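Participant: Pasting a structure below so you can have a look.
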């Protein structure tokens, strides 16, 4: 059952504690990850093979699967399974394709023209988790915008299964994305390989993908210690549901459990104007948990989750913005009134018939999202994540004459006389 808090009994400190996510306060995870990063940096492929044996319990003959091997693995899929992945591919592609747009040139003054042009990040590392759940959907969510952006090289890492291969669904997605190799590396060691490069794995310019706390810690460390960027800090998955009397308890419970089954460190939060709705949802949680294959994982996540009773939807929205959830579900017929009040959220699901699962798989939006309150500052992955926008400017003779004197004055007041001279020498030459 969800432990329930009354919003009115929570002071500022209590609210802060309630909305704070678990962190590696003792640095145990950091210490382990730093050792892994250092070993992969020094020993490359050898370290990856050793970690596969030590952590994944797999002895690898080689570190990758090639295109022919991926095709062979994918051939095991049934037609309806391929069709489901094809539909998801088409919807995700359709949504993301609209994000790649050319910008207009702007004449800021006569003869002074400025604009931006898009260029892809050349080499991107895509981490596809494969721990307690294999996620081909994440492969689609990362690979499709990377392809649309025009990234020159996709470096894909995913943990090996016990047979030394990858799941057939991941293999099929690799074929859809025209990825020629999938590297058999998982966890922090995969992040290290893409950050530093090894004999087999190309160094990435930017690394994408969700993962457990070790993966997240590895990404945050390499972002500050290498020239490799990351998509965002992304930890355990989470959902916050705002629900009132118009919500259906069975739907709410199902959405909470859908998030909880990701892992024991996932968090689900219910914020409701109705004590009865919370009580009915708890009863539904017990009923639905009893038949879930991943009930043990989901139950542990629910133990670390909670409900908050509020007086009205405005207060619910205030709490949500403070929590800044990865996923926000508005389980209310009044969702349209709340949309303008959403400030912090990764992805939002509107109304009683829009489960988070739709966005996780196939509605078209991206499911790689900021967690742990990073939605206050980060967006989810999009085509923008895979491109750089380079600024350009061009001055004509008229432009340097009009703008030049302004630049001279500003350079002089900052005491940067070489800056001033770079303009003056041109003005003297064209007058």
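The values are calculated or read from the model by the stated rules, or taken from the named source; none is laboratory data. Computed from a prediction, not measured in an experiment: that's the story for all the values here. Quick reminder, even Gly has a Cβ in these numbers, built from the backbone with ideal geometry, and neighbours come from all protein chains shown.
Participant: Looking at 68, 88, 76, 133, which is the one that is buried (at least 18 other Cβ atoms within 10 Å of the Cβ) and either modelled with pLDDT of 95 or more or closer than 24 Å to residue 207 by Cβ (or both)? Outline the logic, then answer.
Facilitator: Numbers: 68 fails: buried (at least 18 other Cβ atoms within 10 Å of the Cβ); 76 fails: buried (at least 18 other Cβ atoms within 10 Å of the Cβ); 133 fails: buried (at least 18 other Cβ atoms within 10 Å of the Cβ).
On inspection, the qualifying residue turns out to be 88.
Participant: Limited to the stretch 244-263, what total is found for residues that are farther than 26 Å from residue 134 by Cβ and surrounded by fewer than 23 Cβ atoms within 10 Å (Cβ to Cβ)? Working first, answer last.
Facilitator: First, the residues of the stretch 244-263 that are farther than 26 Å from residue 134 by Cβ: 244-252.
Checking the rest, the ones that are also surrounded by fewer than 23 Cβ atoms within 10 Å (Cβ to Cβ) come to 244-246, 248-251.
Result for the stretch 244-263: 7.
Participant: Whether any residue in the stretch 383-391 is at pLDDT 95 or above, touching a helix residue (DSSP H, G or I) at 6+ places or on another chain (Cβ under 9 Å), surrounded by 13 or more Cβ atoms within 10 Å (Cβ to Cβ) and not in a helix (DSSP H, G or I) is what I want to check. Working first, answer last.
Facilitator: Residues of the stretch 383-391 at pLDDT 95 or above: 383-391.
Checking which are touching a helix residue (DSSP H, G or I) at 6+ places or on another chain (Cβ under 9 Å) leaves us with 383-387.
Going one step further and asking which of them are surrounded by 13 or more Cβ atoms within 10 Å (Cβ to Cβ), we end up with 383-387.
Next, only the ones that are not in a helix (DSSP H, G or I) stay: 387.
Yes: the stretch 383-391 contains one or more residues that are at pLDDT 95 or above, touching a helix residue (DSSP H, G or I) at 6+ places or on another chain (Cβ under 9 Å), surrounded by 13 or more Cβ atoms within 10 Å (Cβ to Cβ) and not in a helix (DSSP H, G or I).
Participant: When the residues of the stretch 302-314 are narrowed to those that are in contact (Cβ under 8 Å) with a residue 12 or more places away in the chain and either under 18 Å from residue 17 (Cα atoms) or not assigned by TED's automatic domain parsing to the domain that holds residue 280 (or both), which ends up surrounded by the fewest Cβ atoms within 10 Å (Cβ to Cβ)?
Facilitator: Step one: list which residues in the stretch 302-314 are in contact (Cβ under 8 Å) with a residue 12 or more places away in the chain, which gives 302, 304-314.
Checking the rest, the ones that are also either under 18 Å from residue 17 (Cα atoms) or not assigned by TED's automatic domain parsing to the domain that holds residue 280 (or both) come to 302, 304-310.
Details: 302: 27, 304: 15, 305: 21, 306: 17, 307: 23, 308: 26, 309: 20, 310: 21.
Out of the qualifying residues, it is 304.
Participant: If a residue has to be over 17 Å from residue 142 (Cα atoms) and crowded, with 23+ Cβ neighbours inside 10 Å to count, how many in the stretch 214-235 make the cut?
Facilitator: 3
Participant: In the stretch 146-170, which residues are in a helix (DSSP H, G or I) and farther than 23 Å from residue 197 by Cα?
Facilitator: Listed by number, the residues that qualify are 148, 168, 169.
Participant: Could you tell me which residue of the stretch 171-180 is nearest to the chain's Cα centre (by Cα), considering only residues that are part of a loop (DSSP other than H, G, I, E, B) and under 22 Å from residue 385 (Cβ atoms)?
Facilitator: Per the stated criteria, the residue is 177.
So that you can scan it fast, the table gives a plain yes or no per residue for (1) in contact with a strand residue (DSSP E or B) (Cβ under 7 Å, 6 or more places away or on another chain); (2) farther than 21 Å from residue 277 by Cβ; (3) free of Cβ contacts under 8 Å to residues at least 24 places away in the same chain:
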{"residue": "347", "(1), (2), (3)": "yes, yes, no"}
{"residue": "366", "(1), (2), (3)": "no, yes, no"}
{"residue": "375", "(1), (2), (3)": "no, yes, no"}
{"residue": "383", "(1), (2), (3)": "no, yes, no"}
{"residue": "390", "(1), (2), (3)": "yes, yes, no"}
{"residue": "397", "(1), (2), (3)": "no, yes, no"}
{"residue": "415", "(1), (2), (3)": "no, yes, yes"}
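Participant: Suppose we filter the stretch 136-149 for residues that are surrounded by fewer than 24 Cβ atoms within 10 Å (Cβ to Cβ) and without any contact (Cβ under 8 Å) to a residue 40 or more places away in the chain; how many remain?
Facilitator: Matching residues across the stretch 136-149 total 1.
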